[in-house]
Amino acid sequence: MSIFDYFIKKDKKNTASVAKERLQIIVAHERSKRQQPDYLPKMQKEILAVIQKYVEIDLDDVNVTLDNNNDCSVLELNITLPENT
Amino acid sequence: MAKIIVVTSGKGGVGKTTTSAAIGTGLALRGHKTIIIDFDVGLRNLDLIMGCERRVVYDFVNVINGESNLKQTMIKDKRVENLFILPASQTRDKDALSQEGVKRVLDELADDFEYIICDSPAGIEKGALMALYFADEAIVVTNPEVSSVRDSDRILGILQSKSRRAEEGLEPVKEHLVITRYNPARVNAGEMLSVADVEDILAIKLLGVIPESEAVLKASNQGEPVILNNESEAGQAYSDAISRLLGEERDHRFLEEQKKGFLKRLLGAK
């Protein structure tokens, strides 16, 4: 194998596998959102409003997820507070 | 009691109408009394693909509004026994399809037909939702391409939550995957998602893989469902899909690249 083959191979990137990877990620993300109840985004905003009364945070700093494990649902609330509080 | 099958995809231009025409015609060819309904109100095209565009007098919306009866409106196919078409309306009124109206028409058809094929419009608007709402089975048409696969997954989510079967807590809609415009040579070159890739992501049962074929455009040009062309790979692939839909076992064909011999190339064989 010559040094040129090395470059040519690199050039011929397998775009189908890139497509598959991207799809797997976005589809998994969209599926998890699909299973969330409709009230979740609104609840997230309201929680944010309450916290903002006391601490300055962004919508991106609040993460609400709902997990369903058989007969038990877990509401997980993850809030990143700013460093200097 | 008729089986209601929706042909859907989310994305446009992937081959829903071609597939509806082929599946409907294929079922009728096997002796099952079948009607294909065009749900694409405002953009009717099934009539063109089936070659009966000049015989349209009344349409689906006329029947729903009581302006014509089914017998006057259904178009009987001239080539295949047991095959009928119910054309969509060209009205621009998006709300022309009401759930009660569609239900009434489907109930009336169910007494007379074995299969009702609902050709869904693209998108996730009312027309598409009406087409899938009453379905017992769904054929999801997908191209091996990112946007089509993503939209198909979206439609699967809607089938699982917004269909009548989902709302009434009945047995879920049976989902089938049809991959169209498949090009094995490009898959081998790493330029196209493979059948296994698409199956992996969507995780539903594969009904058929239709190879990219010149025969499909030719069939549309002439208004002849491609399944009537036994010589074409696309026609044969649809025929195999019909067998699987009817519960027979068939190996998937045309998944490998056909290496053309020198002589074949010289003679321009397709």
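Quick look at the values:
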read-out	value
Residue in segment B:207-226 that is most open to solvent (accessible area, probe 1.4 Å), counting only those that are among the small types (G, A, S) and not in a helix (DSSP H, G or I)	B:S213
Residue tally, condition under 20 Å from B:I5 (Cβ atoms), of a type in the set (S, T, N, Q) and open to solvent by 70 Å² or more (accessible area, probe 1.4 Å), over segment B:241-262	0
Flag if B:I36 is in contact with a His (Cβ under 9 Å, 6 or more places away or on another chain), among the hydrophobic types (A, V, I, L, M, F, W, C) and under 18 Å from B:M74 (Cβ atoms)	no
Criterion violated by B:I204 - all others in (1) within 14 Å of chain A (Cβ to nearest Cβ); (2) open to solvent by less than 10 Å² (accessible area, probe 1.4 Å); (3) of a type in the set (A, V, I, L, M, F, W, C) satisfied	(2)
Count - residues of segment B:169-217 that are out of contact with any helix residue (DSSP H, G or I) (no Cβ under 6 Å at 6 or more places or on another chain) and among the hydroxyl-bearing types (S, T, Y)	2
From the options B:L170, B:L193, residue that is over 18 Å from the mean Cα position of the chain (by Cα), more than 13 Å from chain A (Cβ to nearest Cβ), over 15 Å from B:T19 (Cβ atoms) and modelled with pLDDT of 95 or more	B:L170
Candidates A:E21, A:E46, filtered to the one that is within 12 Å of another protein chain (Cβ to nearest Cβ), at pLDDT 85 or above, loosely packed, with under 13 Cβ neighbours inside 10 Å and not in a loop (DSSP other than H, G, I, E, B)	A:E21
In segment A:51-62, residue farthest from the chain's Cα centre (by Cα) [restricted to those that are open to solvent by less than 80 Å² (accessible area, probe 1.4 Å) and closer than 20 Å to A:D38 by Cα]	A:L59
Hits in segment B:119-149 - residues which are open to solvent by less than 20 Å² (accessible area, probe 1.4 Å), away from every other protein chain (no Cβ under 14 Å) and in contact with a strand residue (DSSP E or B) (Cβ under 7 Å, 6 or more places away or on another chain)	B:D119, B:S120, B:A128, B:A131, B:L132, B:F134, B:A135, B:E137, B:A138, B:I139, B:V141
Condition check for B:I179: within 14 Å of chain A (Cβ to nearest Cβ), under 24 Å from B:V41 (Cα atoms) and buried (at least 23 other Cβ atoms within 10 Å of the Cβ)	no
Lone qualifier among B:S152, B:S161 - being open to solvent by 60 Å² or more (accessible area, probe 1.4 Å), within 11 Å of chain A (Cβ to nearest Cβ) and closer than 24 Å to B:K3 by Cα	B:S161
Count - residues of segment B:75-90 that are farther than 18 Å from B:R30 by Cβ, open to solvent by 40 Å² or more (accessible area, probe 1.4 Å) and modelled with pLDDT of 95 or more	1
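The rows are residues; the columns are (1) touching a residue at least 60 places away in the same chain (Cβ under 8 Å); (2) assigned to a loop (DSSP other than H, G, I, E, B); (3) touching a helix residue (DSSP H, G or I) at 6+ places or on another chain (Cβ under 8 Å); (4) open to solvent by 50 Å² or more (accessible area, probe 1.4 Å).
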{"residue": "B:V6", "(1), (2), (3), (4)": "yes, no, yes, no"}
{"residue": "B:G13", "(1), (2), (3), (4)": "yes, yes, no, yes"}
{"residue": "B:S20", "(1), (2), (3), (4)": "yes, no, yes, no"}
{"residue": "B:I36", "(1), (2), (3), (4)": "yes, no, yes, no"}
{"residue": "B:D40", "(1), (2), (3), (4)": "yes, yes, yes, no"}
{"residue": "B:I49", "(1), (2), (3), (4)": "yes, no, yes, no"}
{"residue": "B:R54", "(1), (2), (3), (4)": "no, no, no, yes"}
{"residue": "B:G66", "(1), (2), (3), (4)": "no, yes, no, yes"}
{"residue": "B:R92", "(1), (2), (3), (4)": "no, yes, no, yes"}
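The values are calculated or read from the model by the stated rules, or taken from the named source; none is laboratory data. Given the structure is predicted, the values throughout are model-derived calculations rather than measurements. No Cβ is skipped: glycine too gets one built from the backbone with ideal geometry, and neighbour counts run over all protein chains shown. Note: accessible area is taken over every heavy atom of the protein model, side chains too, but ligands, DNA and RNA are not part of it. Shrake-Rupley method; radii C 1.70, N 1.55, O 1.52, S 1.80 Å.
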